[in-house]
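Chemist: Pasting a structure here, questions to come.
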Amino acid sequence: MSDLYYDPWDVEIDLDPYPTYRRLRDESPLYHNEKHGFYGLSRADDVEAALRDHERLSSAKGDILEVVLAEPVIPPGVFINEDPPLHAMHRALVARLFRPRKMREIESQVRAFCAGSLDPLVGSGRFDFVADIGAELPMRTIGMLVGIPHAEQPAVREHAQKSLENQAGEPMNVDKDNYAAGGAHYAEYVEWRAKNPSDDLITDLLTVEFTDETGTLRKLRKSEVLVFLAVVAGAGVETTGRLFGWMGKVLAEHPDQRAELVEDPSLIPNAVEELLRYEPPGPHVARYVTEDVEFHGETVPAGSALLCMLSSANRDERRFDDPDRFDVHRRVTGQMVFGTGAHVCLGAALARLEGRVALEEVLKRFPTWEIDMTQARRARSSTVRGWASMPALVG
């Protein structure tokens, strides 16, 4: 009997999952975990095919493994947990916020947020990639875009983090009758913005008219607005925030490549793309199997939960040469960190913008650093792999 075992909640595996991913790709490209009752795909081509197959592999019961297993009642408007055509209709209502033109418009503000976090730390001898950048920049940026007052933004970050917490080694608890009820957290902001409209997402959602699935032209109900906000704010704060811890660690481990970025900042956008491939903050997504589907000659029965291992796909030697090597010169095409198909991450452009601006601003002030791994702390989350602290020693 094979000793091959994979469990996304296993703390020891999670420390360095890549050797296990390699074995899965080679020995069991369709993996079945009997203990927790799910199937898993680890090869890039399989993961890509699964994410594009929204008819047999549905998002309507969630995209987090524990959620799919629990089969909760998901309220309308959680567009990441909807299938086309409903998904396309709801996604379009917030898509304007993340278009390239909008990203260009906000870059100077994102840079100002980053400078405001870093400038007070110059000369201090140390800073923390997570506490000083990862916890601040995504929160400030999404708060600005959504329309949440500056003083209230830390509460949004804490709410997003708490909603994804799990005990080490255990699946996240899912309340199947009240899943995605966190939108109530934003009720006060919505009431305030209804009386004080501005150029932000809350105002857009309160005023936009659209044709719903019944053919009715209408505005969003307040309950729908709250759900939309919970989806956008949660995804925009937590996942992107974990990118910065990996940024500090990986570049400290590759000082020659870091020096190249200092010498030639035009390499930074590709370096961020390679960083997202090499250590993706979002390691996997799940789907619900609506009808029997076959991979590698084996059948995944209808009613199953299927885990698409994005991190494994990003290290698949069938798609990437020498995939376990970090290389800022790599031509990064076909990576899976933002998914693909109808559900490709809506905030991908924003994550790339924040990553690029942050790395540019860090390297301007701190061209070299070492990580104090004795003080670094992992963040335990069911869906996001990263660090709660990544302290850097500079100067």
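Chemist: Can you name every residue in the stretch 260-291 that is more than 21 Å from F38 (Cβ to Cβ), surrounded by fewer than 19 Cβ atoms within 10 Å (Cβ to Cβ) and touching a residue at least 12 places away in the same chain (Cβ under 8 Å)?
Modeler: E260, V262, P265, L267, P269, N270
Chemist: Now for a separate question. Restricting to the stretch 37-77, give me the number of residues that are surrounded by fewer than 19 Cβ atoms within 10 Å (Cβ to Cβ) and of a type in the set (D, E, K, R).
Modeler: 6
Chemist: Okay, moving on. Which ones in the stretch 107-147 are of a type in the set (V, I, T) and part of a helix (DSSP H, G or I)?
Modeler: Across the stretch 107-147, the qualifying residues are V110, V130, I133, T141, I142, V146.
Chemist: Working only within the stretch 13-49, note down all residues that are more than 16 Å from R319 (Cα to Cα) and among the small types (G, A, S).
Modeler: S28, G37, G40
Chemist: Where residues in the stretch 159-209 are aliphatic (A, V, I, L, M) and modelled with pLDDT under 70, which of them is farthest from I148 (Cα to Cα)?
Modeler: Taking the candidates together, the pick is A168.
Chemist: Could you tell me which of the residues R377, R356 is in contact (Cβ under 8 Å) with a residue 12 or more places away in the chain, under 28 Å from G334 (Cβ atoms) and more than 14 Å from the chain's Cα centre (by Cα)?
Modeler: R356
Chemist: Here is a follow-up. What are the residues in the stretch 78-101 that are assigned to a helix (DSSP H, G or I) and surrounded by 14 or more Cβ atoms within 10 Å (Cβ to Cβ), if any?
Modeler: Scanning the stretch 78-101 gives F79, I80, N81, L86, H87, M89, H90, R91, L93, V94, L97, F98.
The values are calculated or read from the model by the stated rules, or taken from the named source; none is laboratory data. Just so it is clear, the model here is predicted, and its values are computed rather than measured. Cβ atoms come from the backbone with ideal geometry, glycine included; neighbour counts cover every protein chain shown.
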